[in-house]
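*Asks:* I'd like to ask some things about the structure below.
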Amino acid sequence: MADRSKINHEFPPFTYEVERGKMRELVQAIGDDNPIFLDREAAIKEGYKDIPAFPTFATLPMNWSNMLLNIITDLKINFAMVLHGEEGYEYLQEIYPGDVLTGKLRVVSIDEKSGRSGSMDLVKLETIYTNQRNEPVLKANALIVERK
Amino acid sequence: MAKELYFQDINVKDQMPILVKGPVEHMQLVKYAGASGDFNPLHVDPEVGKAVGIGGQIAHGMLVMGFVGQALAGWIPKKYLRKFNVRFVGMTRLDETVTVTGKLTDKKQEGGNNIIRGEVFARDQKEELLIAGSFEAHLPEKK
């Protein structure tokens, strides 16, 4: 059962350096051949400064900084019972190779819901990412479901 | 590929070009785990899924959201996308084919922006829903 005392808790900021190779690896794993995500010249031709981050790129800083695992542990959530319920992004500026992102993650709410398959905790998380110029670039919302 | 798109070029009920992905293979899940940093054994170890009673390996929900992102950014240029939200409805298993569809539901000018909104879906080959989502974009106007 998720720890209610963490509602509205903000975790210490975490940083993540955006690497060109890792950006391409994500796009290749998904199997997208859209050249703006792979080829700098093609991206510049379409009005970007460099290859822009893929729409779901924010999953990388979350996973590679171990934030999600830390939060699950800190909120005393049973990892084996976790489902990813929802994910959403608000794009404020493009993220480019070489950017250094700082993520600030907050627990927005923890609610209990009962359904046919038993009761569950719904944990809403919000992460705001800024770049090295302190400009907000992306807001990520996730809903984590803990089955009980 | 998404080329230039103007507010005048798109209308409510316009369909996103259909994208068919897969079949989802074990190696793609291994690659996606390495790329995204999500090494949850449910996605990379065929034995774990059997052991916990979900009948085998399942794809990362975020990979399927990636398929939807590919379709979306192939239709609406990435630079115009403002919001992209999904709800994970069903599990995607090995060898399944994923079909991504979508359409425009709303188009209006507000606060100096040319706003479009739409819905997106991912379904498996049995037409079962995997993802339901929505998006918002701000488009330039043709002068």
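*Asks:* Quick check: is even one residue across the stretch B:7-23 assigned to a loop (DSSP other than H, G, I, E, B), touching a residue at least 40 places away in the same chain (Cβ under 8 Å), within 10 Å of another protein chain (Cβ to nearest Cβ) and touching a strand residue (DSSP E or B) at 6+ places or on another chain (Cβ under 9 Å)?
*Replies:* The answer is yes, given that some residue of the stretch B:7-23 is assigned to a loop (DSSP other than H, G, I, E, B), touching a residue at least 40 places away in the same chain (Cβ under 8 Å), within 10 Å of another protein chain (Cβ to nearest Cβ) and touching a strand residue (DSSP E or B) at 6+ places or on another chain (Cβ under 9 Å).
*Asks:* What is the number of the single condition among (1) farther than 27 Å from A:V18 by Cβ; (2) among the charged types (D, E, K, R); (3) surrounded by 20 or more Cβ atoms within 10 Å (Cβ to Cβ) that A:K76 does not meet?
*Replies:* Result: A:K76 fails condition (3) only.
*Asks:* Looking at B:M91, B:M65, can you tell me which residue is within 11 Å of another protein chain (Cβ to nearest Cβ), in a helix (DSSP H, G or I) and either modelled with pLDDT under 95 or surrounded by 23 or more Cβ atoms within 10 Å (Cβ to Cβ) (or both)?
*Replies:* B:M65
*Asks:* May I pose another question? All but one of (1) part of a helix (DSSP H, G or I); (2) closer than 26 Å to A:Q93 by Cα hold for B:E47, so report the exception by its number.
*Replies:* It is condition (2) that B:E47 fails.
*Asks:* Okay, next question. Would you mind listing the helices (runs of 4 or more DSSP H) fully within the stretch A:27-84 where at least 3 residues are at the interface with chain B (Cβ under 10 Å from one of its Cβ atoms), within 16 Å of the chain's Cα centre (by Cα) and modelled with pLDDT of 90 or more?
*Replies:* A:59-64
*Asks:* If you don't mind, another one. Counting just the residues of the stretch B:97-125 that are more than 18 Å from B:M62 (Cα to Cα) and among the aliphatic types (A, V, I, L, M), which one comes out farthest from the chain's Cα centre (by Cα)?
*Replies:* Result: B:I115.
*Asks:* Follow-up. If you scan the stretch B:30-44, which residues turn out to be part of a helix (DSSP H, G or I), at the interface with another protein chain (Cβ under 9 Å from one of its Cβ atoms) and in contact with a His (Cβ under 8 Å, 6 or more places away or on another chain)?
*Replies:* If the condition is that a residue be part of a helix (DSSP H, G or I), at the interface with another protein chain (Cβ under 9 Å from one of its Cβ atoms) and in contact with a His (Cβ under 8 Å, 6 or more places away or on another chain), then B:Y32, B:A33, B:S36 are the ones that fit.
*Asks:* For the stretch B:19-41, enumerate the residues that are of a type in the set (A, V, I, L, M, F, W, C) and surrounded by fewer than 19 Cβ atoms within 10 Å (Cβ to Cβ).
*Replies:* Once the filter is applied, which keeps residues that are of a type in the set (A, V, I, L, M, F, W, C) and surrounded by fewer than 19 Cβ atoms within 10 Å (Cβ to Cβ), the stretch B:19-41 yields B:V20, B:M27, B:V30, B:F39.
*Asks:* Another question, if that's okay. Could you say whether any residue in the stretch A:35-51 is in contact with a strand residue (DSSP E or B) (Cβ under 8 Å, 6 or more places away or on another chain) and crowded, with 17+ Cβ neighbours inside 10 Å?
*Replies:* no
*Asks:* Determine, yes or no, whether B:V86 is touching a strand residue (DSSP E or B) at 6+ places or on another chain (Cβ under 9 Å), farther than 24 Å from A:E19 by Cα, aliphatic (A, V, I, L, M) and assigned to a strand (DSSP E or B).
*Replies:* Judged against the criteria, B:V86 is a match.
*Asks:* Okay, moving on. Please work out which one of (1) in contact (Cβ under 8 Å) with a residue 24 or more places away in the chain; (2) facing chain B (nearest Cβ under 10 Å); (3) assigned to a loop (DSSP other than H, G, I, E, B) is the condition A:Y89 fails and give its number.
*Replies:* (3)
*Asks:* Out of the residues in the stretch A:6-26 that are surrounded by fewer than 17 Cβ atoms within 10 Å (Cβ to Cβ), within 14 Å of another protein chain (Cβ to nearest Cβ) and not in a helix (DSSP H, G or I), which is nearest to the chain's Cα centre (by Cα)?
*Replies:* Looking at residues that are surrounded by fewer than 17 Cβ atoms within 10 Å (Cβ to Cβ), within 14 Å of another protein chain (Cβ to nearest Cβ) and not in a helix (DSSP H, G or I), I get A:E17.
The values are calculated or read from the model by the stated rules, or taken from the named source; none is laboratory data. On a predicted model such as this, the values are computed, not experimentally measured, just so you know. Cβ atoms come from the backbone with ideal geometry, glycine included; neighbour counts cover every protein chain shown.
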